[in-house]
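> Questions regarding the structure given below will be posed in turn.
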Amino acid sequence: MHDVLAAVYGPQHWWPAKTAFEVILGAYLTQNTAWKAVERSLENLRNAGALSIDGLRTISIPRLRRLIRPSGFYTRKAPALKAFVAMLDEEFGGSLERMAAAPTHALRQRLSALPGVGPETADAILLYALGHPVPVADEYLRRIADRHGLLEPAHARGRISYDQLSELTRRAFDGGAPEERAQLFNEFHALTVAVGKAHCKRTAHCEGCPLAADLKESL
């Protein structure tokens, strides 16, 4: 699937950000909203001089809420962003480089303990901001895995879980240097988003989909 999608869509150049900290902000803000709304919030932060660790550290919660309002859920996201910076200061001296040097498993556990950080957000931060070789799964990949018969829910009448999707991707790209695996995880996630937006929506639009032939084989 990676190879077919890469041939059609080409390199995706994810994550769309200028700094690692901007990636982290985007990972928080994109929860339950469209990326266009996130871009407006990031632009507000940039214009206010708050698109940095120091900027977010010093800005007040009420002002932060106003700036990220376009992304929605701002009353929840603003304190969650503050909590991340507080953790970064207290445990890593305010340094993303020092944070990135921590072991992946321990870092994932620490991120997951923060407010507003689920498994997808934690893995997006690890992969895109900190360079750790971890797969990122989302609703587009769940639809693909379900419709192509790649997985069945772990529990009867349940949905395919995040951990199932993550493990499926991890096994597919097993082996190789950490940097190579990180790049493969990066591209595969971005490519599934590309095909998902074009074809694997809530209602499938399979005509013209690069994966249509694969779908026929799985039926």
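> Would you mind ranking HIS155, HIS132, HIS148 so that the residue whose beta carbon has the fewest other beta carbons within 10 Å leads the list?
So the residues, fewest neighbours to most, are HIS155, HIS148, HIS132.
> Filter the trypsin sites (Lys or Arg not before Pro) in the stretch 157-197 down to the DSSP loop ones having no more than 14 other Cβ atoms within 10 Å, then list what survives.
Here the trypsin sites (Lys or Arg not before Pro) that fit, given the DSSP loop and packing criteria, are ARG157, ARG159.
> Report, in debye and to the nearest 20, how large the dipole of the chain comes out about its Cα centre when Lys and Arg carry +1 and Asp and Glu carry -1 on their Cβ.
The dipole magnitude comes to about 1080 debye.
> If you don't mind, there's one more thing I want to ask. Counting Lys and Arg as +1 and Asp and Glu as -1, each charge on the Cβ, what is the dipole of the stretch 20-129 about the Cα centre in debye, to the nearest 20?
So the dipole magnitude of the stretch 20-129 works out to roughly 500 debye.
> Still on this structure, I have one more. When the helices in the chain are scored as -39500 (n - 2.57) per DSSP H run of 4 or longer and the sum is shared across all residues, what 222 nm value do you end up with, to the nearest 500 deg cm²/dmol?
-17500 deg cm²/dmol
> Just to be sure I understand the model, the point goes 7 Å from the Cα along the line to the Cβ. What's the resulting TYR9 to GLU39 distance in nm?
For the pair TYR9/GLU39, the computed spacing is 1.7 nm.
> Next up: Give me LYS77, LYS201 sorted ascending by neighbouring Cβ count inside 10 Å, so fewest comes first.
Ranked by crowding around the Cβ, least crowded first: LYS201, LYS77.
> Which of the aspartates and glutamates could a cross-linker span from LYS197 if the Cα-Cα distance has to be under 15 Å and same-chain partners fewer than 8 positions apart are dropped?
Reachable aspartates and glutamates: ASP138, GLU139, GLU207.
> Still on this structure, please answer the following. With the cut-off at 1.5 for a/c, could you classify the stretch 56-125 from its C-alpha gyration tensor as rounded, prolate or oblate?
In terms of gyration-tensor shape, oblate.
> To the nearest 0.05, what FRET efficiency results for LYS201 and ALA172 with a Förster distance of 25 Å applied to their C-beta separation?
Between LYS201 and ALA172 the formula returns 0.60.
> Right, here's the next one. Return the label of the correct value of mean projected area of the Cα convex hull in nm², as calculated from the structure shown, out of [x] 11.6; [y] 12.8; [z] 13.5.
[y]
> Put +1 on the Cβ of every Lys and Arg and -1 on every Asp and Glu Cβ in the chain; which of THR33, PHE185, LEU67 then has its Cα farthest towards the positive end of the dipole?
LEU67
> Just check the stretch 117-219 against the gyration tensor rule for me: Cα atoms, a ≥ b ≥ c as the square roots of the eigenvalues, rounded for a/c under 1.5, and otherwise prolate or oblate depending on whether a/b exceeds b/c.
Prolate, because a/c is 1.5 or more and a/b exceeds b/c.
> What nm value, rounded to one decimal, do you get for the distance between ASP54 and ALA212 when each label is placed 7 Å out toward the C-beta?
Each label point is offset 7 Å from its Cα along the Cβ direction, giving 5.5 nm.
> Using 0.36 nm per residue, how much length does the chain from HIS2 to ALA113 gain when fully extended, once their Cα-Cα distance is taken away?
In short, 36.8 nm is gained.
Each value in this text was obtained by applying a stated rule to the coordinates, not by laboratory testing. Bear in mind that the values here come from a model prediction, so they are computed numbers and not experimental data. In this analysis, Cβ positions are derived from the backbone assuming ideal geometry, glycine residues included, and neighbour counts consider all displayed protein chains.
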